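In what follows, a structure is listed as structure tokens, so that the remarks can point back to it.
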Number of protein chains: 2
Amino acid sequence: MKYELFYWPTIQGRGEYVRLALEEAGAEYVDAARRKGGEKRMMAMMNNRRLDPPPFAPPFLKANKQVIAQVANILLYLGTRHGLAPKSEAGQLRLHQLQLTITDFVVEIHDAHHPLGPTLYYEDQRPQAVKRSDEFWKSRVPKFLGYFEDIAARGGGPYLDGRRVSYVDLSLFQIVEGLRYAFPKRTKRFERNIPCLVALHDRVGARPNIAAYLRSERRIPFNTDGIFRHYPALDR
Amino acid sequence: MKYELFYWPTIQGRGEYVRLALEEAGAEYVDAARRKGGEKRMMAMMNNRRLDPPPFAPPFLKANKQVIAQVANILLYLGTRHGLAPKSEAGQLRLHQLQLTITDFVVEIHDAHHPLGPTLYYEDQRPQAVKRSDEFWKSRVPKFLGYFEDIAARGGGPYLDGRRVSYVDLSLFQIVEGLRYAFPKRTKRFERNIPCLVALHDRVGARPNIAAYLRSERRIPFNTDGIFRHYPALDR
């Protein structure tokens, strides 16, 4: 079976967590909205009332006739099928719980540049974004990354959940990559507090499938339309 | 087995989605942090490095030795065990996807009164909250509730996913209840657009276990410490 991933064709965004899982797994997939006419097809699927339920938003994954939306839900589905999650139900819930905590963090990363909501431009909420970014780095980054650093530090490693790489490791790789792009100065200062996460990031980035993906054109460069945005005013 | 639910003892908050599921299921549970010494025990569990992983935040559910955090993850666990979710994997993923979309909406409900982040008081971000609440009602409420209204309208009913009540129905009940409390004027004006969701709300509220729960002292009244907060300045 060849998967079809549907996501905005010009950004990493939330789709990237799914792309990383498909790439690491060596799964056959098409990044469907990047093909000719693909974005139109994506929009049509979201408005398709015969889909039960239609996705609320991209990304979504088509696996044969099944259409699965919400990043953490897609990873839950892929994880057990491609060795990126434990086999036991308890293990799956444990990993999914960590992914949902990453989901929460991703919302706050986005809100750092869009505190007044996703419906207004950044340029129309810059002073508020400066304030929220300060709070984000003062309180929220230490809380979220400190939590994952703790788990990484006390696990037997080399990965967060033990010997095998999981979709959570891939997502944490992306978090570190994204923060380095969006907030280079602040991230550089902060990294001394998260040595295990930085090591985990490096370990994931060196995995053959991930390294090949990052060098390929399938990896869309970071830009200021995605979740992670580099706005110098926010990186003090 | 008697479940133990751990959540802040004085608010409905995110714990309420779990409370409603446990109540509808008629499950044996203790709202542990509302007992004497319970909040202290909750904090100790969050700092317990032997838990793998410890919860990032309440709510979490203790089921024998398993500790499960993140609302949608807890409902995923409870749903299959208590007839609040379909039995097939595809059906479970479909329902979980809807719950994760509710999770996204809950974040935006919270951000309407805390646009500059959870670390500052409402009083210190009131003008921004006014602006964000306006955007929330102009764009986001119609988008989220319109999505669920569509699904409810075209389903065979009486519940969102068919004949049987699911945890998603319970959560949508709570969303309508909460919006009515937090934004009585705006919700009253908006309800004409979501007749099926209002009917679903009434149907859930009339279920014997839910009705008994709502009348009991186990239901904590809404207040301005939870997710849904009634601030007249935001309800124009």
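The values are calculated or read from the model by the stated rules, or taken from the named source; none is laboratory data. Owing to the predicted nature of the structure, the values given are computational and were not obtained by experimental measurement. In this analysis, Cβ positions are derived from the backbone assuming ideal geometry, glycine residues included, and neighbour counts consider all displayed protein chains.
Results for (1) modelled with pLDDT under 95; (2) among the charged types (D, E, K, R); (3) out of contact with any Pro (no Cβ under 8 Å at 6 or more places or on another chain), shown as yes or no for each residue.
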position	(1), (2), (3)
B:Arg50	yes, yes, yes
B:Lys62	no, yes, yes
B:Lys65	yes, yes, yes
B:Ile68	no, no, yes
B:Ile74	no, no, no
B:Leu78	no, no, yes
B:Arg81	no, yes, yes
B:Pro86	no, no, yes
B:Arg94	no, yes, no
Here is a list: A:Leu116, A:Leu76, A:Leu120. Which entry is more than 23 Å from A:Asp225 (Cα to Cα) and outside any strand (DSSP E or B)?
A:Leu76
Report, by residue number, each residue of the stretch A:48-59 that is out of contact with any Ser or Thr (no Cβ under 7 Å at 6 or more places or on another chain) and facing chain B (nearest Cβ under 9 Å).
A:Arg49, A:Asp52, A:Pro53, A:Pro54, A:Pro55, A:Ala57
Across the stretch B:204-235, what is the number of residues that are in contact with a helix residue (DSSP H, G or I) (Cβ under 7 Å, 6 or more places away or on another chain) and assigned to a loop (DSSP other than H, G, I, E, B)?
9
Looking for whichever is part of a helix (DSSP H, G or I), of a type outside the set (Ser, Thr, Tyr), over 30 Å from B:Lys131 (Cα atoms) and free of Cβ contacts under 8 Å to residues at least 40 places away in the same chain here; the options are A:Arg180, A:Arg94, A:Arg132, A:Arg140. Which one fits?
A:Arg180
Selection within the stretch A:190-211 - free of Cβ contacts under 8 Å to residues at least 24 places away in the same chain, under 18 Å from the mean Cα position of the chain (by Cα) and more than 21 Å from A:Phe148 (Cα to Cα):
A:Ala211
In the stretch A:66-90, what count of residues is obtained for those that are at the interface with chain B (Cβ under 10 Å from one of its Cβ atoms) and not β-branched (Val, Ile, Thr)?
9
Among the residues of the stretch B:103-119, the number that are crowded, with 21+ Cβ neighbours inside 10 Å, within 7 Å of chain A (Cβ to nearest Cβ) and among the aliphatic types (A, V, I, L, M) is 1
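For (1) modelled with pLDDT under 95; (2) in contact with a Lys or Arg (Cβ under 9 Å, 6 or more places away or on another chain); (3) surrounded by fewer than 20 Cβ atoms within 10 Å (Cβ to Cβ); (4) more than 10 Å from chain B (Cβ to nearest Cβ), each residue gets a yes or a no:
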| residue | (1), (2), (3), (4) |
| --- | --- |
| A:Arg132 | no, no, no, no |
| A:Ser139 | no, no, yes, no |
| A:Lys143 | no, no, yes, no |
| A:Gly146 | no, no, yes, yes |
| A:Arg154 | yes, yes, yes, no |
| A:Gly157 | yes, yes, yes, yes |
| A:Asp161 | yes, yes, no, no |
| A:Ser166 | no, no, no, yes |
State yes or no: is B:Arg14 surrounded by 15 or more Cβ atoms within 10 Å (Cβ to Cβ), at pLDDT 95 or above and out of contact with any Phe, Trp or Tyr (no Cβ under 7 Å at 6 or more places or on another chain)?
yes
